[in-house]
Amino acid sequence: MNRIDAILERVNGPTVLDLGCVQPNKDNIGDEDWLHGRLVDAYDRVVGVDIDERAVRKLNTQGYTVHHADVEAMNLDIQADTVVAGELIEHVSNPGLLLDRIGEHTKPTGNVILTTPNPWAIVHLRRHLNGTFHINDEHTGWYGPQTLRQLLDRHGFEVTQ
């Protein structure tokens with residue numbers, strides 16, 4: 001199962017907040033690999049958030065509901081059944097602020113789906129060892145399973161999967 005299908009399987013609606021919803025360097029509309037588009041197709045109310053103001057304006061003119069905001073400081077009048085932060089935490093300057101904002105925007109009975117590349121996975125370790133590993137220029141941190149669980153615990157989240 002690919003990452004997007006795994007996320008969709010775990011989302012509960014009807015209100016979904018998708019953080020970092022713009023897929024950089026692509027024309028999002030109609031792309032099967034665009035998580036936000038797949039969420040919109042599957043759930044009643046999907047609200048996106050992204051820092052890319054130009055892309056947000058474009059998506060809003062195409063009928064999507066997307067807020068231009070910094071996910072570390074956002075203050076939206078939304079309580080979501082599910083907050084999705086797919087491949088986002090490794091891009092922010094302060095992951096604790098991101099998690100605090102996620103907590104503020106999640107219903108008490110809601111859930112959070114957070115994904116991030118595992119830099120210690122065997123596929124990446126091979127690249128480390130043979131010197132071909134390239135770090136994404138926009139990444140500010142690497143999170144393995146243990147450090148991610150510790151960070152989530154510090155910010156009051158219960159990890160279930």
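The values are calculated or read from the model by the stated rules, or taken from the named source; none is laboratory data. Computed from a predicted structure; not experimentally measured. Cβ atoms come from the backbone with ideal geometry, glycine included; neighbour counts cover every protein chain shown. Only protein heavy atoms, including side chains, enter the accessible area calculation; ligands, DNA and RNA are left aside. Shrake-Rupley method; radii C 1.70, N 1.55, O 1.52, S 1.80 Å.
Miscellaneous remarks
- Formal net charge of residues neighbouring GLY86 (Cβ-Cβ distance under 10 Å; K, R +1; D, E -1): -1
- Cα gyration tensor, region 14-93 - rounded (a/c under 1.5), prolate or oblate: rounded
- Computed from Cα atoms, the angle from the helix 95-104 axis to the main principal axis of the chain rounds to 30 degrees.
- Based on protein heavy atoms only, the chain ends up with 58 Å² per residue of surface accessible to a 1.4 Å probe.
- Rolling a 1.4 Å probe over the protein heavy atoms of the chain, with every protein chain left in place, gives an accessible area that is 47 percent carbon and sulfur.
- What you get for the chain, charging only the Cβ of Lys and Arg (+1) and of Asp and Glu (-1), is a dipole of about 300 debye around the Cα centre.
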